[in-house]
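Presented below is the structure to which this report refers.
Just so you know, all these numbers are worked out from the coordinates, no wet-lab data involved. What you see is a predicted model, and the numbers here were worked out from it, not measured in a lab. Virtual Cβ from ideal backbone geometry, glycine too; neighbours counted across all protein chains shown.
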Amino acid sequence: MTLCLPATPDGVAAAADLLRAGELVAFATETVYGLGGDATNGRALAAIFAAKGRPHFNPLICHFADAGAAFAHVQPNPLAEKLAAAFWPGPLTIVLPRRATSRVDMLAGAGLDTLAVRVPAHACAQALLCAAGVPVAAPSANRSGAVSPTEAAHVMADLGGRIAAVLDCGPAAIGLESTVLDLAGERPFLLRPGGVPIESIEAVIGAVARGITRAQAEASRGLRSPGLLESHYAPRLPVRLDAQSIGANEALLAFGAPLPGAGLTWNLSAGSNLSEAAARLFAGLRWLDEAAIAQGLARIAAMGVPAAGLGLAINDRLQRAAAPRKKDL
Ligand code: TXA
Ligand code: MG
């Protein structure tokens, strides 16, 4: 049975006790819900991979209450320090060389010599990290390859019965995962667009390399960020992108003024606001998938979303939702 804990001091204390005992606890961050485990406990990390059905080659992000705690486990450079000052706490993850002294279990980095570190801003996450007093490894709290959870109910639907508890902190405000930036190499590299727009990052540290293909990524340093694997965030129904019209068997994921003729619509943002669209994306994919299947529809047609600011991350998630599924490859 999975406990649903309230975001009260008692609920947070109970969640922290469970984490320290090696159990798994899902909790909200400002991006999406994470599936937390004590990052220094190899058994807890193995349980995260098992609960998600996640391939062991895909490393986990470690969460800390502040930059000082994070940099005790990785070696920062001046760019990382600038970014931490500008965006932490917040939706930015930085990949850096791991310190030899770090107690984080090697499973978190999936055998890489780097670690991905993040300081979340959400009050619930902050309270839990402070109470737990250990680094907390947390991938998004969904089954591997499925749509990320932005509400406690999504976590329960995916992982109920497989984890000890969910700390219910209400809906995640941003709705898209953190931006993942690799600062371990010679130049900064965008591994995943996310909650901090790349334009804001470039305003602080200058140009960031991006837009590499999966083949280039794999060639550059082993499998550089397995999160680059294409099919991900996938609802059960296939997704068609940049829809200009809507077919009789399709449900509509709209942005702005909806295309005419859809029997079933989820509008990401009627006013074409990208922050609102990001916050409503994953909940919308889940809802539309369920409702469309119940109505016997065969596909989700997604209208185009501009690729600037948060739109880059929204397009990234939509492209992966539409990519050929692993079982089709
Ligand atoms: O917003 C978020 O980042 C959420 C919340 C819970 O913090 N977490 C999240 O974790 O999205 P996950 O596991 O779903 O995605 C982490 C991404 C993956 O693409 C993974 O491959 C990459 O970060 N990653 C983790 N460690 C890495 C490393 N050492 N080197 C390169 N990529 C890494
Ligand atoms: Mg994920």
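Can you work out ³J(HN,Hα) from phi for every residue in the stretch 32-47, in order, using Karplus 6.51 cos²θ - 1.76 cosθ + 1.60 and θ = phi - 60°, giving whole Hz and x for Gly and Pro?
Once rounded to whole Hz, the list reads 9, 6, x, 9, x, x, 5, 5, 8, 10, x, 5, 5, 5, 4, 5.
Arrange the following residues from fewest to most other Cβ atoms within 10 Å of their Cβ: ASP316, ASP38, ASP113.
ASP113, ASP316, ASP38
Which value results when the Cα radius of gyration for the chain is divided by 2.2 N^0.38 Å?
Rounded to two decimals, the normalised Rg is 0.96.
Hey, in the chain, which Cys have no second cysteine's beta-carbon closer than 4.7 Å?
Unpaired cysteines in the chain: CYS4, CYS62, CYS130.
So what are the ³J(HN,Hα) numbers for the stretch 308-319, from phi and the Karplus equation (6.51, -1.76, 1.60; θ = phi - 60°), rounded to whole Hz, Gly and Pro as x?
Rounded to whole hertz, the list is 9, x, 4, x, 4, 5, 4, 5, 4, 5, 5, 4.
Using the Cα centre of the chain as origin and beta-carbon charges of +1 (Lys, Arg) and -1 (Asp, Glu), tell me which of ILE293, PRO135, THR29 is placed farthest towards the positive end of the dipole.
After comparing all options, I get ILE293.
Taking the Cα centre of the stretch 239-322 as origin and charging only Cβ (+1 Lys, Arg; -1 Asp, Glu), how large is the dipole, in debye to the nearest 20?
80 debye
Along the positive direction of the dipole of the chain (beta-carbon charges: Lys, Arg +1; Asp, Glu -1; about the Cα centre), which of GLY42, VAL119, ALA172 reaches farthest?
GLY42
Only bridges whose two residues both fall in the chain count here: according to DSSP, what percent of them are antiparallel, nearest 5?
Expressed as a percentage, antiparallel bridges in the chain total about 45.
Any chance you could run the full-extension gain for GLU199 through ALA291? It's 0.36 nm times the residue separation minus the Cα-Cα distance, nm to one decimal.
That works out to 29.5 nm of additional length.
So who's got an amide H within less than 5 Å of the one on CYS4, skipping anything under 5 residues away but keeping other chains? H placed 1.01 Å off N, in plane.
Here VAL166 satisfy the definition.
Rounded to the nearest Å, what's the spacing between the alpha carbon centres of the stretch 230-262 and the stretch 35-82? Just the number, please.
35 Å
On a full-extension model of 0.36 nm per residue, what is the gain between ALA248 and ALA100, subtracting their alpha-carbon distance, rounded to one decimal in nm?
47.4 nm
Relative to the Cα centre, what is the charge dipole magnitude of the stretch 3-221, using +1 at the beta carbon of each Lys and Arg, -1 at the beta carbon of each Asp and Glu, and rounding to the nearest 20 debye?
Around 520 debye, computed over the stretch 3-221.
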